[in-house]
Structures are given as C-alpha cells and as structure tokens.
Amino acid sequence: MNAEAQGIRIRHRGYQPQVHPTAYVAPTATLVGDVRVGPRARVMYGAVLAAEGSRIEVGEAAVICENAVLRGSAVAGDQPVLVDDHVFVGPHATLLGCEVGRCVYVATAATVLQCARLGAGSVVAVGALVHVRTVLPDEYFVPPHTVALDAPVRLLAPGDPGLAEAVRRVGFAQVAFGVDAEWNDRISRYERIAEVRVAEFGTHADDEILNHG
C-alpha cells in the first residue's frame, strides 16, 4: 500500500505521523503529531489520532474503526496512547492517554481514560467506561455500559448509589489535566480544565498539513 497517499497527516510541535508501508489509513482519517502506525494496521474513515504533546503508537494488525478518537497528552505528565498488536478499537470508541495490551477488544462507543492499562485479551464492551488509573487483568471482561475503576479493578453499574463517590476518589481532574479542585466546586474545576485545553489546543495554530488525504 502507498502510505504517502493515506489519510490527512499534520505536523504538530515538530513531529509528523509515520505510517508503515503495509498499513492502511483511510482518506478521511486524521493523524496529528507523533503518531506511529505499525505494519498491517488499519485506521478507518473519520478516525482521529492526535498525539498532542505526547505520542500515539498503533501496533501490528491493530484496527482503529470509524470515528474512533485516540488522544495523547502532556498537560499532566506524559500520557501516550500505546496500542499493542492485534487490538480492535470499535467505532466511536475513545482512548485517552492509556495503554492497551495485545489482542484487546474495545467495543463501539467504549471509553478508556488516562493512565488506565488494559491487560492482554481483555474486553471493554459496548458503551463501557474504564476510568483513570484503572488496571484490567489479562482477559478481563468489562460488561456493556458499566464503569471499571481502581486497581484491583471493580465494576459499578450506571445506577449504583456508590458511583459518584467512587468517581470522586479517583481524582480524574488531577490525573487528566493536573487540576486540583474540590469535587463539589464544579464551576471552578471545569473552568480550569477548559483553560488547560485552551492552552494545549492553542498550539495547533502552528500546525502544518502535510497532505489532504
């Protein structure tokens, strides 16, 4: 395959995407910054892989389906997205600053947050959420529309009365954005989170589009 004609590739912070000659990146997929797509990998239509100040690595024969979002970050320490070999990332799934072991299946609309680690052969089913710093053992199954958090991991259903307190304890704002604010002070917390992203995303003003798919 001709990697030179694949996808929309953008140089960001001095880094440009690298695509293995045997990989396929769809014309409407977007690769931004230090993104490395490995042998025989497939990045499908509408997927966005944005390294920001970190990096994204997609392993051999990994599949990133339509409209999936993979985003690295460095606003709260280096948080790359590392996708090992033979991983399947379903349509509309989101991977943020996390590590995904080999042969993992991340289903449609599932989300994996910063500093989480998914063991080899684990499954994150449709609409499930793996929260920050959660560690899934090898071949672990997260059921549809549930929340996995902590290490050792535990599962909570969306209506579980303990879910809000469990999420508060994981310290999402601190892990993801370096923002230390009280859980109940939501206006202040989200104002500061927005400012972090404004500064981070503002660095795209100097991006260079290398091709147009």
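Between (i) 14.0; (ii) 12.0; (iii) 10.8, which entry matches mean projected area of the Cα convex hull in nm² as derived from the coordinates of this structure?
(iii)
Taking the Cα centre of the stretch 66-137 as origin, work out the dipole magnitude from +1 charges on Lys and Arg Cβ and -1 charges on Asp and Glu Cβ, in debye rounded to 20.
Taking the Cα centre of the stretch 66-137 as origin, the dipole is about 160 debye.
Can you give me the accessible area per residue for the stretch 6-170, using a 1.4 Å probe, in Å²?
Heavy-atom SASA per residue in the stretch 6-170 reads 39 Å².
Would you calculate a helix-derived [θ] at 222 nm for the chain, using -39,500 (n - 2.57) for each DSSP H run of n ≥ 4 and dividing by the full residue count, to the nearest 500? Don't jump to the answer; show the numbers that get you there.
Working: 3 runs with 31 residues, N = 213.
Mean residue ellipticity, 222 nm, calculated: -4500 deg cm²/dmol.
Tell me the angle of helix 186-202 to the major Cα principal axis of the chain, expressed in degrees between 0 and 90 and rounded to the nearest ten.
So the inclination is approximately 10 degrees.
Treating only the Cβ atoms of Lys and Arg (+1) and Asp and Glu (-1) as charged, compute the dipole magnitude of the chain about its Cα centre; round to the nearest 20 debye.
Working: 18 positive and 24 negative charges, 33 e Å.
Dipole of the chain, to the nearest 20 debye: 160 debye.
Between the stretch 112-174 and the stretch 1-50, how far is it from one alpha carbon centroid to the other, in angstrom?
Comparing the Cα centres of the stretch 112-174 and the stretch 1-50, I get a distance of 29 Å.
Considering only the chain, what is the antiparallel percent among its DSSP beta bridges, to the nearest 5?
In the chain, DSSP labels about 15 percent of beta bridges as antiparallel.
The values are calculated or read from the model by the stated rules, or taken from the named source; none is laboratory data. Computed from a prediction, not measured in an experiment: that's the story for all the values here. With ideal geometry, Cβ positions are generated from the backbone for all residues, glycine too; neighbour counts draw on all protein chains shown. The protein model used for the area step is the full one, side chains on, heavy atoms only, and it has no ligands, DNA or RNA in it. Shrake-Rupley method; radii C 1.70, N 1.55, O 1.52, S 1.80 Å.
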